[in-house]
Structures are given as structure tokens and as C-alpha cells.
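Report on one structure; see the data block that follows.
The values are calculated or read from the model by the stated rules, or taken from the named source; none is laboratory data. Predicted, not measured: the structure shown is a model, and the values here were computed from it. Note that we place each Cβ from the backbone using ideal geometry, even for glycine, and neighbour counts take in every protein chain shown. The protein model used for the area step is the full one, side chains on, heavy atoms only, and it has no ligands, DNA or RNA in it. Shrake-Rupley method; radii C 1.70, N 1.55, O 1.52, S 1.80 Å.
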Amino acid sequence: MTRRPARIILLRGVGTLLLLAYILFEKALSLIFSTSRRKAHRLASGEAARKARHASEARLRAIARRYEEETPLTLRLLAIDDHCVPGTLDWDLFNPRWPTYKVRCWMRLTAYYTSSLPVSDTVDAILTAGDQPLSPIPFTHEHDGTGTELIPGPPGDRVRAGHVLDWDNPSRTLPGPEENPGLYRRVYEPSHATVTAIRHQHGIIYRLILPADGYYRIPR
């Protein structure tokens, strides 16, 4: 009668040891094959990364400026979120998914504009600007089937070629940029500006979110 409980206790002990061994094995593999946050930050701060980051930011800023130059929109606030993440070893049940990079960086620009014209006229001007040959503005009067066309009406996500444009309406006002402590870097210009203050002074807010630009990656 005492053998069965002893065997159960023994099997439980073996199972616990195997589980602990597997957990240690996972941690050891993660330490070996994952990039530490300190190393990722060092790699993201290197000369090659800085050059790629500068070029990426210049490209995004140029697109935001074209909206201001070619439409009635006036740029009031610019937020650039710079992400750099280490490559980490993940697990799919008991199968490791090996990281394909040591560090990966991407950047996203959000621009807040106002316009002196009514919404319908502003939207029409944006569409007209997009109609022009070689325009970086993807929104056009003619729907080409490659995305959701921007049309006058209540704001929602107006998406074309990764560009997202929306604006305030009576039932919803656009929020300002959210805090994100995990960012590698954030550019906020002008630093004192807020969406609420801009809206109070200039009226309806138009928000443009450009596609994320993956500008740097070190393969493993």
C-alpha cells in the first residue's frame, strides 16, 4: 500500500525536475540567441543606423511638407516615433522560433494640420493634388481599386498606399499623440504645442499618419 504513493511522489518529483530543466534550457537559449536591450541600443546608435535614421526622417518630413505645399493644409504639429527592437528567441509550444535579426528599427510620422477652408473644399483640394502626375499624395478623385478612396464625409480611416488621413467632426475630435515610453526616440515639433491648443486657435484638426518606414536592420 505504500509503494503506490511513493511512486507517485517520485514521478511528481521527476516531472518537476524535468520542467525546471526545460525552463532553464529555454532561458539559456534565449540568452544565447536573443539580443540584449543594451546591445540593441548600442547597435541602433551606431554610425550606419544614424545615417539610415537621418535619411528616413528626411523622406517622411518631405512627404508631410508636400501636403502643406500642394494643399490648403497648414502643418501645426509633427510627431515622429522611432522604434528599435532587439531580435528575440520566441517559442511555439516546444519549438524555438529563431530571431532573424539582431536589431530592427522603423519610424512613423504623424502630422497634424489645419485649413482655412471648409472641410469639403479642403478634401477636394487634397484629391486634386493627388491627381497630379508623380504626386506623393495617393488620394485622388478617381478610384483605382488599390485602396479605400478618400471622399468628403464623416472622418474615419481614409487609407491609400498606407497613408491614413482623418479629421475632427462634431461627434469626435482627434486625440493628440500618445505617450510611449518604449520608444527609442521621439521628435515632437513644436515641443510646447498640443492638439487641443491648436484646435482652439485654428479650428478643425486634420491628422495624417504616414506608413512606417523600416530603415535599419542587422541580420543575425
Residue among ILE23, ILE63, ILE9 that alone is modelled with pLDDT of 95 or more and open to solvent by 40 Å² or more (accessible area, probe 1.4 Å): ILE63
State yes or no: is ARG76 closer than 23 Å to GLU179 by Cβ, modelled with pLDDT under 90 and open to solvent by 20 Å² or more (accessible area, probe 1.4 Å)? no
Can you name the residue in the range 163-207 that is among the hydroxyl-bearing types (Ser, Thr, Tyr) and in contact with a strand residue (DSSP E or B) (Cβ under 9 Å, 6 or more places away or on another chain) and is also nearest to LEU43 (Cα to Cα) among such residues? TYR184
How many of the residues making up the range 181-200 are open to solvent by less than 70 Å² (accessible area, probe 1.4 Å), in a loop (DSSP other than H, G, I, E, B) and of a type outside the set (Phe, Trp, Tyr)? 5
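Residue by residue, here is whether (1) open to solvent by 30 Å² or more (accessible area, probe 1.4 Å); (2) at pLDDT below 95 holds:
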| position | (1), (2) |
| --- | --- |
| ASP166 | no, yes |
| GLU178 | yes, yes |
| HIS202 | yes, no |
| ARG207 | yes, no |
For the range 168-212, give me each residue that is among the hydrophobic types (A, V, I, L, M, F, W, C) and within 15 Å of the chain's Cα centre (by Cα). LEU183, VAL187, LEU208, ILE209, LEU210, ALA212
Residue tally, condition under 23 Å from the mean Cα position of the chain (by Cα) and either at pLDDT 90 or above or open to solvent by less than 30 Å² (accessible area, probe 1.4 Å) (or both), over the range 115-146: 4
